[in-house]
Amino acid sequence: MLPIRKPKHVGEGVTSALGLVTGSVVAGAAGLVILPAKGAMEGGARGFASGLAMGALGAVVLPTMGVVAGSVQVMRGIAQTPFSAAAAMEGKTWDKEKRSWKHYSLPTEEIEVAAAEAEWNAKLAEKRKERQKRKGNGGAVEDRTFYELLGVAPEATAAEIKVAYRTAARRLHPDKNPDDPNANLKFQKLGEAYQVLSNEDARAKYDAKGLDGLKDTQLMDASTMYAMLFGSEQFEDLIGELQIAAMLQQAEASGDPSDVSLKHLGHKQRQREVACAAKLAAKLQPYVDCQQSLVDFEAQVREQAKELATSAFGELLTHTIGAVYVYKASQALKLNLGAAMRQKGHTMQTNTRMLGAILNMIKVARAAHSLKEEDQAKMMHSQMGSFLEGAWYVSVVDVETTPPQPPPKPPSEVALDRETLLVMSMKELRAIMKARGLSTDGLLEKTEFVDAICAHAAEPPP
């Protein structure tokens, strides 16, 4: 089935149509190559001829279907355009998931994300119980040592386990216990417990057979894992948890773990963006409410930047985050159209570098695979720079795609002081007027719109 979704307007309808046509042509061409080859392997010359006939039919039918579906999308886009224009005038935003216009509310989205996370955790806990029952232990655990090290129950969720590890790791970190000769050993054991319990497959083996079930499980050095998981912690208010860290601790709890992982990563990314937006709004609110001067606000931000720059890769990451936020702000305020083109060029360059680094990592890994175990360790150590470079570019792309486009406030939430209204566009003023049920008949100048809104705001409630 061709992916047909409700377009936002005629522009998106045309884009969707081009995608459908291109995709169907590519699919038809692929069938023309694959089906004869498959037929030949299964049925010789007769199979080849049959596959060729099916491929030729697909090469005609699929593009035709793509053209028809594309035409439908263009027509739907044309039909949607008036509604799109009216919704934009009202200050609404387009919900890409639900394919509808709505007044955006950050608090509402926070509630939706929290509910989705709770639902995910409940499903994950249920799947764990089912897997344990299928393995014959009826939900019981053979060994509780790792659970006791983290201070959690055997029924603990992935989120609870991570919080417990974070708390215990900070308390037991060797740097905080210089007088304890066993600090490194305690920290290593804690890291091993977390690595096992945060991975659903390893956790199931441990629950069923204890330490005997982990003989073939390779565990990372605790200090390295801690740095990868929490090394970006200082930046979490600005960019959330890096996907590299999230992927390290993500539990997979179904027969098709890659599918579950992708779905959960999508949810975690949305949760991450909403959390960043909420924290940014809270940070800006004192300045917006005139409770903090511009001088004090800038001093606070500079002090935070200095602190962030002291961590590993901190200076580079701080510059990257700053550039992304400036671009997103200019994009939202439509201050510089040229910035969008420069950002696209920068994104393409970064993606190209990331791809090159990843290909280099794959090359090193393949070369190491053919070596003996002791030589593998030496080679991986000597080529650690390649892996760090790959991790860096993956993190840069991750950071640059995380801060969400700041949505406009619903007209009912816009501040009504005269100074704020005077810097708004006529489009925004009309949206505010319409949201408050005020007529714009006879109003031409911006000051007339501002006067009408201020007069309505000054009226006592009925």
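Only the coordinates and a few stated rules stand behind these numbers; no lab work does. Computed from a predicted structure; not experimentally measured. Every residue, glycine among them, receives a Cβ derived from its backbone with ideal geometry; neighbour counts consider all protein chains shown.
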*Using 7 Å Cα-to-Cβ label points, what is the H319/A53 separation (nm, one decimal)?*
6.5 nm
*Compute the length gained on full extension between D212 and F83: take 0.36 nm times their separation in residues and subtract their Cα-Cα distance, giving the result in nm to one decimal.*
40.1 nm
*asked:* Between E155 and R342, what's the calculated FRET efficiency when r is the beta-carbon distance and R0 is 60 Å? Round to 0.05.
replied: 0.70
*For the pairs K215/K268; K186/K209; K162/K268; K189/K215, note any where the Cα-Cα span goes beyond 20 Å.*
K215/K268; K186/K209
*Measuring from centroid to centroid over Cα atoms, what is the spacing of the stretch 47-113 and the stretch 193-214 in Å?*
44 Å
*Sticking with the crude label model, points 7 Å out along Cα→Cβ, report the distance from S105 to T440 in nm, one decimal please.*
2.5 nm
*Just the Cα atoms of the stretch 48-197: what Rg and Dmax do they give in Å?*
27.7, 79
*Determine, for each peptide in 105-111, 64-70, 85-91, the mean count of other beta carbons within 10 angstrom over its residues, then list the peptides with the highest first.*
64-70, 85-91, 105-111
